[in-house]
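Let me begin by presenting the structure, written as structure tokens, before commenting on it.
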Amino acid sequence: MKKRIFLLSSLFFVFTTVWAQQEELWVKNGSRNIFGILNHQQGTGKHPLAIIVHGFNGTHDGGLNYFDTFSSLGYMCYTFDFPNGSVNSRSGNNTMEMSVLDEQHDLEAIVRFFKTREDVDSSRIVLVGESQGGLVAALVAAYNPKDISRLILVYPAISLGHSNDTRPMESMPDTTRIWGVPLGKRFYQELREIHSFDVIGRYEKPVLIIQGDADNVVPLQSTRTTLSKYKDAQLHVIHGGGHGFNQEQMKESFEHIRNFIRQD
């Protein structure tokens, strides 16, 4: 048992644009078309891959920040937009249809797709999930542990999937707005069915958790509960970090990621 705390559906793809080491790449999960950008590695052969999983109302743009870090480690890197995961998603922006379980299945489809690529080392696929994307990444790792070599969770909203909401569904409004983003009843109904703290520990490979001690969305205590569910996990606390990091805090976060990946 290792726990260390440091303070501080058929698939296909279509690429539409290629520039330098990056290409736009679409993955299909059934009828769902998922837009993303893949950062390549130079040279032939198989390369490890990091998949960046954005949070609530996020897009692939945030994942671009990880490209340099993973490229320096010899990794390809893919960042994408969940269908209906954001009002700005290029994969579909009807957030009334947002669903954590749909996002889980979309991410599983992306993992399956990359496992078949000749340039990807399928034994070294890393998931990096931020906030709600951390919950999605943790669920995918839990239900597909053989497919994920390492898991990185950044201010992960794992408690979102362990809902204590007992309101009758008929009493809930048809539309609820969070930070101005409209959500339907289904989003909340599904959260009651996930039981995230009961399932995430099925993943027993190494886990890195990065969390700010000034996060007012995902409390540090919640993240410590997440830490306790894993067999082999380490938590790095970013002093002054909120739910999202400034430039210096991101540099610190990336250094923890480099150290974690180098242990592989």
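With His105, His54 as the choices, which residue is at pLDDT 95 or above, of a type outside the set (A, V, I, L, M, F, W, C) and under 25 Å from Glu252 (Cα atoms)? Break it down stepwise before answering.
Numbers: His105 fails: under 25 Å from Glu252 (Cα atoms).
Criteria check complete, one pass: His54.
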Subject >> Selection from the stretch 242-264 of residues that are over 28 Å from His195 (Cβ atoms) and outside any helix (DSSP H, G or I) >> reply: Phe245, Asn246, Gln263, Asp264
**OP:** Would you mind telling me which numbered condition in (1) farther than 21 Å from Ser86 by Cβ; (2) among the hydroxyl-bearing types (Ser, Thr, Tyr); (3) surrounded by 15 or more Cβ atoms within 10 Å (Cβ to Cβ); (4) modelled with pLDDT of 95 or more Ser163 fails?
**Re:** (4)
Subject >> Condition met for Asp215 (closer than 21 Å to Gly62 by Cβ and of a type in the set (D, E, K, R)) >> reply: yes
**OP:** Please enumerate the residues belonging to the stretch 44-87 that are within 17 Å of Val140 (Cα to Cα) and among the aliphatic types (A, V, I, L, M).
**Re:** Leu49, Ala50, Ile51, Ile52, Val53
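Can you go through Val126, Val100, Val120, Val136 and tell me which one is closer than 18 Å to Gly244 by Cβ, at pLDDT 95 or above, in contact with a Leu (Cβ under 9 Å, 6 or more places away or on another chain) and of a type in the set (Val, Ile, Thr)? Quick ask: steps written out before the conclusion?
Values: Val126 fails: closer than 18 Å to Gly244 by Cβ; Val100 fails: closer than 18 Å to Gly244 by Cβ; Val120 fails: closer than 18 Å to Gly244 by Cβ.
It is Val136.
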Original post:
When Ser10 is evaluated against the numbered criteria (1) at pLDDT 95 or above; (2) not in a strand (DSSP E or B), which criterion, by number, is the only one it fails?
Top reply: (1)
Original post:
Quick one: which of Tyr203, Tyr155 is in contact with a strand residue (DSSP E or B) (Cβ under 9 Å, 6 or more places away or on another chain), at positive phi, modelled with pLDDT of 95 or more and not basic (Lys, Arg)?
Top reply: Tyr155
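Does any residue of the stretch 116-127 turn out to be closer than 17 Å to Lys229 by Cβ, surrounded by 24 or more Cβ atoms within 10 Å (Cβ to Cβ) and of a type in the set (Val, Ile, Thr)? Give the derivation first.
Looking only at the stretch 116-127, we keep the residues that are closer than 17 Å to Lys229 by Cβ, and these are 127.
Cutting the leftovers down to surrounded by 24 or more Cβ atoms within 10 Å (Cβ to Cβ) gives us 127.
Within this subset, residues satisfying the condition of being of a type in the set (Val, Ile, Thr) are none.
No: the stretch 116-127 contains no residue that is closer than 17 Å to Lys229 by Cβ, surrounded by 24 or more Cβ atoms within 10 Å (Cβ to Cβ) and of a type in the set (Val, Ile, Thr).
Can you pull out the helices (runs of 4 or more DSSP H) entirely within the stretch 107-213 that have at least 3 residues that are of a type in the set (Asp, Glu)?
Values: elements: 132-143, 185-194, 196-199.
Passing ranges: none, list empty.
Just to check your reading of the model, which residue among Thr44, Thr59 is of a type in the set (Ser, Thr, Tyr) and either touching a helix residue (DSSP H, G or I) at 6+ places or on another chain (Cβ under 8 Å) or buried (at least 20 other Cβ atoms within 10 Å of the Cβ) (or both)?
Numbers: Thr44 fails: either touching a helix residue (DSSP H, G or I) at 6+ places or on another chain (Cβ under 8 Å) or buried (at least 20 other Cβ atoms within 10 Å of the Cβ) (or both).
Among Thr44, Thr59, only Thr59 is of a type in the set (Ser, Thr, Tyr) and either touching a helix residue (DSSP H, G or I) at 6+ places or on another chain (Cβ under 8 Å) or buried (at least 20 other Cβ atoms within 10 Å of the Cβ) (or both).
Does Val111 count as surrounded by fewer than 22 Cβ atoms within 10 Å (Cβ to Cβ), more than 15 Å from the chain's Cα centre (by Cα) and modelled with pLDDT of 95 or more? Working first, answer last.
Numbers: surrounded by fewer than 22 Cβ atoms within 10 Å (Cβ to Cβ): yes; more than 15 Å from the chain's Cα centre (by Cα): no; modelled with pLDDT of 95 or more: yes.
In short, no.
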**OP:** Could you grab me the full set of residues in the stretch 217-249 that are touching a helix residue (DSSP H, G or I) at 6+ places or on another chain (Cβ under 8 Å), surrounded by fewer than 17 Cβ atoms within 10 Å (Cβ to Cβ) and within 20 Å of Gly133 (Cβ to Cβ)?
**Re:** Thr225
Subject >> Residue match in the stretch 224-238 (condition: of a type outside the set (Phe, Trp, Tyr), part of a loop (DSSP other than H, G, I, E, B) and within 17 Å of the chain's Cα centre (by Cα)) >> reply: no
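Residues checked against (1) at pLDDT 95 or above; (2) touching a strand residue (DSSP E or B) at 6+ places or on another chain (Cβ under 9 Å); (3) farther than 20 Å from Lys251 by Cα; (4) not small (Gly, Ala, Ser):
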site	(1), (2), (3), (4)
Val18	no, yes, yes, yes
Ile34	yes, yes, yes, yes
Gln41	no, yes, yes, yes
Gly63	yes, yes, no, no
Tyr78	yes, yes, no, yes
Ser91	yes, yes, yes, no
Thr95	yes, yes, yes, yes
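Output yes when any residue across the stretch 183-195 is of a type in the set (Phe, Trp, Tyr) and either touching a strand residue (DSSP E or B) at 6+ places or on another chain (Cβ under 8 Å) or surrounded by 15 or more Cβ atoms within 10 Å (Cβ to Cβ) (or both), and no when none is. Break it down into steps so the answer makes sense when it comes.
Of the residues in the stretch 183-195, the ones of a type in the set (Phe, Trp, Tyr) are 187-188.
After this cut, where a residue has to be either touching a strand residue (DSSP E or B) at 6+ places or on another chain (Cβ under 8 Å) or surrounded by 15 or more Cβ atoms within 10 Å (Cβ to Cβ) (or both) as well, the list is 187-188.
Taking every residue of the stretch 183-195 in turn, at least one turns out to be of a type in the set (Phe, Trp, Tyr) and either touching a strand residue (DSSP E or B) at 6+ places or on another chain (Cβ under 8 Å) or surrounded by 15 or more Cβ atoms within 10 Å (Cβ to Cβ) (or both).
The values are calculated or read from the model by the stated rules, or taken from the named source; none is laboratory data. Predicted, not measured: the structure shown is a model, and the values here were computed from it. Reconstructed Cβ throughout: ideal geometry from the backbone, glycine too, with neighbour counts over all protein chains shown.
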